[in-house]
Amino acid sequence: MKRTIFYFFVGLILSSAFLSSCGKRKAKDGRTDTPTSGTIKFASDESFSPFIEEELQVYQYRYPQTHLLPIYTDDNTGMKLLLDQKVNLFFTSHVLEKGEEAILRGKGPIPSVFPIGYDGIAFIINRSNTDSCITVTDVKRLLKGEVTKWNELYPKSDKGDIEIVFDNKASATLHFVVDSILDGKNIKSKNIVAAQNSKAVIEYVHKTPNAIGVIGSNWLNDRRDSTNTTFNKNIRVMAISKTSKAFDDNSWQPYQAYLLDGRYPFVRTIYAIVADPHKALPWAFANFISGPIGQKIIFKSGLLPYRGEINIIEVNNVKSE
């Protein structure tokens, strides 16, 4: 009996050695990636590309055998890539709908959706436009087409017709505006411009005195300022007020502190949607972003991390006599 057991264990060890000597086995879908090696593609709404790029650099530095290839696209295309299983990871600003989850489950992987951070939806104007405070009510009037000229908001303005500029017609930013600011109703303004991406929105507003751009706050920060308190110098960021009239002392820009304490009204959650049957590299990268190092990168990029304690210290400037 003992000899039989001995032969069994010897056979098991030899079999294991033989299998390990054969190298990595390909899955039926051709994938060979692991959490720390291999090449994959993943999708992200283009508005999140600045902080995703920073996460990529750190992850691939820590795991040099990994090659993650981002597809920065609009929200609709990114979701289709995920549903078709052409990618197994998608970064967006909404959770899966029931029908979308059912499609993924029908193809095998059980999807996992978890929040990784928050950003603000910012309204930007040309540097020459000094009317930079606006109420939530007036933002809605603007998007509904009830206001079409700058002097309808600011009687002394000479900027003429208002042009509203979005990154593209199917972006997560536009979806947030429709779903969360307009309560599911379509934008009615006639002067809508689709600039293709967030960088193009900033460039358009920089060159167009009567424009107002709508972008994710991830695109606003001056990368030379490590404190995340300086916005892009080429444009002006509007301050939003929840009151009936907007003034400097009751209106807030999308700084991290104001996203956290609720003073800035237009805040969206950023989600990672993972549908990875192998729980390999897509899963590992998404979990890295939700972990301590990834959350610190989000914080340094000017956004608000989903996890971690953040303390706000009020500083009063006292003039010395």
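The values are calculated or read from the model by the stated rules, or taken from the named source; none is laboratory data. This is a predicted model, so every value here is computed, not measured. Positions of Cβ are backbone-derived with ideal geometry, glycine not excepted, and every protein chain shown enters the neighbour counts. In case anyone asks, the SASA skips ligands and DNA or RNA and just uses the protein heavy atoms, side chains included. Shrake-Rupley method; radii C 1.70, N 1.55, O 1.52, S 1.80 Å.
Remark: Lys199 falls outside the filter, which requires a residue to be at pLDDT below 90 and either open to solvent by 10 Å² or more (accessible area, probe 1.4 Å) or not in a loop (DSSP other than H, G, I, E, B) (or both).
Ile187 meets all of the listed conditions (1) open to solvent by 20 Å² or more (accessible area, probe 1.4 Å); (2) at pLDDT 95 or above; (3) farther than 30 Å from Lys28 by Cα but one, namely (2). Total residues in region 263-278 satisfying the condition of being modelled with pLDDT of 95 or more and open to solvent by 30 Å² or more (accessible area, probe 1.4 Å): the figure is 5.
For Ala43, are the conditions met, namely being modelled with pLDDT of 95 or more, open to solvent by less than 20 Å² (accessible area, probe 1.4 Å) and not assigned by the TED database to the domain that holds Ile215? Yes; evaluated as a whole, the condition is true for this residue. Among the residues of region 92-121, just one is among the acidic types (Asp, Glu), without any contact (Cβ under 8 Å) to a residue 12 or more places away in the chain and farther than 21 Å from Ala280 by Cα, namely Glu97. With respect to being open to solvent by 30 Å² or more (accessible area, probe 1.4 Å), touching a residue at least 24 places away in the same chain (Cβ under 8 Å) and on the phi > 0 side of the Ramachandran plot, Gln65 falls outside the description. Of the candidates Ile215, Ile289, the single residue that is more than 15 Å from Gly120 (Cβ to Cβ) and either in contact with a helix residue (DSSP H, G or I) (Cβ under 6 Å, 6 or more places away or on another chain) or not assigned by the TED database to the domain that holds Asp74 (or both) is Ile289.
A quick yes/no check of all residues on (1) more than 26 Å from Glu46 (Cα to Cα); (2) within 22 Å of the chain's Cα centre (by Cα):
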| position | (1), (2) |
| --- | --- |
| Ala122 | no, yes |
| Asn126 | no, no |
| Asn129 | yes, no |
| Val147 | yes, no |
| Ile162 | no, no |
| Phe166 | no, yes |
| Ser171 | no, yes |
| Asn197 | no, yes |
| His206 | no, no |
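Residues that are outside any helix (DSSP H, G or I) and either assigned by the TED database to the domain that holds Asp84 or aliphatic (A, V, I, L, M) (or both) do not occur anywhere in region 250-258. Exactly one residue out of Gly38, Gly117 is closer than 30 Å to Ala194 by Cβ and either modelled with pLDDT of 95 or more or among the polar types (S, T, N, Q) (or both): that is Gly117.
Does region 169-184 contain at least one residue that is in contact with a Lys or Arg (Cβ under 6 Å, 6 or more places away or on another chain) and either free of Cβ contacts under 8 Å to residues at least 24 places away in the same chain or closer than 24 Å to Ile289 by Cβ (or both)? Checked region 169-184: at least one residue is in contact with a Lys or Arg (Cβ under 6 Å, 6 or more places away or on another chain) and either free of Cβ contacts under 8 Å to residues at least 24 places away in the same chain or closer than 24 Å to Ile289 by Cβ (or both). Mind checking whether some residue in region 73-83 is surrounded by 20 or more Cβ atoms within 10 Å (Cβ to Cβ) and assigned to a strand (DSSP E or B)? Yes.
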